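Let me begin by presenting the structure, written as structure tokens, before commenting on it.
Read-outs throughout are calculated quantities, based only on the coordinates presented, and are distinct from any laboratory measurement. Note that this is a predicted model, so its numbers are computed, not measured. Cβ coordinates were reconstructed from backbone atoms using ideal geometry, including for glycine residues, and neighbour counts include every protein chain displayed.
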Amino acid sequence: MPHITTRSARRADLGELRQMITAVAAHHGDVAQIDLDHLNRDLFGSHPWVHVLVACHGTRVVGYAALCPLVKLQYCARGMDLNHLFVVDDLRRHGVGRKLIDTAIDHARARHCSYLMVGTDPDNDAAKRVYLACGFTPLAHNPDRFSRAIN
């Protein structure tokens, strides 16, 4: 297994992130409409909208996880949505995704979240297996969405 580190994204990562986000969109049959200005605004602007974690193999960014805040006000419960999880083709099935998930859980825990949510394409059985192995459970009303308690 390659040595992988994780960290919060930096402005210097924006170009690589844009390429990976474009790859995610293409995988789902979409055309990405992302540009560096909007990505910079959403990650590093005066009111950041999303927190991105990156996985690195040496100095190369090889994956990312995008986290957005959630809340269940009626339960006083903070959460995070793992909105995107992506690993470059040549490092899939090497534990990079799991490392990003573990880092996302730590990130959410540090922000006093009690749960982490993630969804996947209905046909992505590999992703579903990974989420189940990482302690997520499918939602009863939507088996393509998963939740994991954070304690």
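Annotations for the structure displayed:
- Think of it as helices only: each DSSP H run of n ≥ 4 in the chain is worth -39500 (n - 2.57), and spread over all residues that comes to -9500 deg cm²/dmol at 222 nm.
- Footprinting exposure proxy for K99, K72 (fewest neighbouring C-beta atoms within 10 Å first): K72, K99
- Relative contact order [Cα under 8 Å, 6+ residues apart], the chain, whole percent: 18
- Net charge dipole size for the chain [Lys, Arg +1 and Asp, Glu -1 on Cβ; Debye, nearest 20]: 600
- Most positive-pole-ward Cα, N151, G15, Y131, against dipole of the chain from beta carbon charges: N151
- Labels on offer are (i) 9.6; (ii) 16.0; (iii) 10.3, and the one holding mean projected area of the Cα convex hull in nm² computed from this structure is (i).
- Comparing D106, D121, D81 in a Gaussian network model of the chain, where Cα atoms under 10 Å apart are tied by springs, the biggest mean-square fluctuation is seen for D121.
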